[in-house]
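Trainee: Shown below is the structure under consideration.
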Amino acid sequence: MKISAVIITFNEEENIGDCIESLKEVADEIIVVDSFSTDETEKICREKKVKFIQHKFEGHIEQKNFAIQHITNDYVLSLDADERLSDELKKEILECVTCQAEPVETYLMNRLNNYCGKWIKHGVWYPDKKIRLWNKQKGRWGGTNPHDKVVMDKNTTVKPFNGNILHYTARTPEQYKLQMEKFSSIAAQSMLLEGKKTNLIKAYSAGAFAFVRSYILLAGFLDGSAGYQIAKGYSRYTRMKYEKMLKKK
């Protein structure tokens, strides 16, 4: 079982070095597909001696599927630049690589998100299960931008891992706010293309329920003030994507 790791980037000089280092122990090759960064991303990637490809960004799903076209192995391990493999997860992956048994086709991982230095273990942010290691012959990126996900063929075998993908989601409250602004715009455009309908009542009711779901139903309050800020941001994101749909009509 040989693994090709892929990362997509745009101006990720703060993150890309650590992301690459976390993959070196488990990946047989590492490929970075970059959307013409203007910072030091390319320089860092070349210093790390990974395969570096530049390609115009057409969407998260499209960019990640483009990256898979350039790998040489059947098994693909996909991380975003602000993600790392935990030590426990690396160990589990290496056990699969060295095992003599036939590898399964889909590996499911938890993603542990970090908000302003705090690991978030409740609310909509955890366990945040993701398929990030799979046989490319059996699955591909799908979903709806910006919420891409790996879509596997029917009846594929699945193995869950206990270790976490460490996701450095937002280093500051301002960064989190900007992310919600950006992703709500992408989501609004995707929903319009799908022909979805909305109104102001739906926008505000969906936003309110998003807060209740994250902070109360999924126990985000156990993460203290960070849990409250995340729930508030999730509520704002949900409301904004519907409001932006109305403006784009």
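Trainee: Out of the stretch 150-233, which GluC sites (Glu not before Pro) are coil in DSSP terms and have no more than 13 other C-beta atoms within 10 Å? It would help to have the intermediate numbers written out before the result.
Mentor: Details: sites: E174, E181, E194; in loops: E194.
Here the sparse-neighbourhood loop sites are E194.
Trainee: If you take the charge dipole of the chain about its Cα centre, with +1 on Lys and Arg Cβ and -1 on Asp and Glu Cβ, which of G195, S37, I93 is farthest toward its positive end?
Mentor: Farthest towards the positive end: G195.
Trainee: Find how much the distance from T172 to A101 grows on full extension, using 0.36 nm per residue of separation minus their present alpha carbon separation; answer in nm with one decimal. Spell out each step's value before the answer.
Mentor: Values: separation 71, 0.36 × 71 = 25.56 nm, distance 4.44 nm.
Going from the current span to full extension adds 21.1 nm.
Trainee: Under 5 Å between amide H atoms, partner at least 5 residues away or on a different chain: which partners does I3 have, H built in plane at 1.01 Å?
Mentor: D28, E29
Trainee: Taking the mean number of other Cβ atoms within 10 Å as a proxy for protection, how do you rank 48-54, 196-202 from highest to lowest? If you can, show how the numbers build up before the last one.
Mentor: On the way: 48-54: 15.3, 196-202: 12.3.
With the highest mean Cβ count within 10 Å placed first, the list reads 48-54, 196-202.
Trainee: Using the Karplus curve 6.51 cos²θ - 1.76 cosθ + 1.60 with θ = phi - 60°, work out ³J(HN,Hα) for each residue of the stretch 204-221 in order, rounded to whole Hz, and write x for Gly and Pro.
Mentor: Working through the residues one at a time gives 6, 5, 5, x, 5, 5, 4, 5, 4, 4, 6, 7, 10, 5, 9, 6, x, 4 Hz.
Trainee: Roughly how compact is the stretch 3-170, stated as its Cα Rg over 2.2 N^0.38 Å to two decimals?
Mentor: Details: Rg = 15.2 Å, N = 168, 2.2 N^0.38 = 15.4 Å.
Normalised by 2.2 N^0.38 Å, the Cα Rg of the stretch 3-170 equals 0.98.
Trainee: Of the beta bridges DSSP finds with both residues in the chain, what % are antiparallel, to the nearest 5?
Mentor: On the way: 19 of 44 bridges.
Bridges in the chain are about 45 percent antiparallel.
Trainee: Looking at this model, which pairs from K202/K247; K196/K241; K64/K130; K64/K196 are more than 21 angstrom apart at the alpha-carbon?
Mentor: Values: K202/K247 14 Å; K196/K241 12 Å; K64/K130 15 Å; K64/K196 25 Å.
Checking Cα-Cα distances, K64/K196 exceed 21 Å.
Trainee: Straight-line reach from K121: which aspartates and glutamates have a Cα under 13 Å away, not including same-chain ones fewer than 8 places off?
Mentor: Straight-distance partners of K121: D223.
Trainee: Same structure again: From the phi of every residue in the stretch 225-230, what ³J(HN,Hα) in whole Hz does the Karplus formula 6.51 cos²θ - 1.76 cosθ + 1.60 yield, where θ is phi - 60° and glycine or proline is x?
Mentor: 5, 5, x, 5, 5, 5
Trainee: For A170, list long-range residues whose amide hydrogen, built 1.01 Å from N in the peptide plane, is under 5 Å from its own amide hydrogen.
Mentor: For A170, the qualifying residues are N114, C116.
Trainee: Taking H placed 1.01 Å from N in the peptide plane, check which residues at least 5 places from K129 or on another chain put their amide H under 5 Å from its amide H.
Mentor: Residues meeting the criterion, in which the H sits 1.01 Å from N, are R111.
Computed from the coordinates by the stated procedures, all read-outs in this text should not be read as laboratory data. Remember, it's a predicted structure, so these values are computed and weren't measured experimentally. Glycine also receives a Cβ, built like all others from the backbone with ideal geometry; neighbour counts cover every protein chain displayed.
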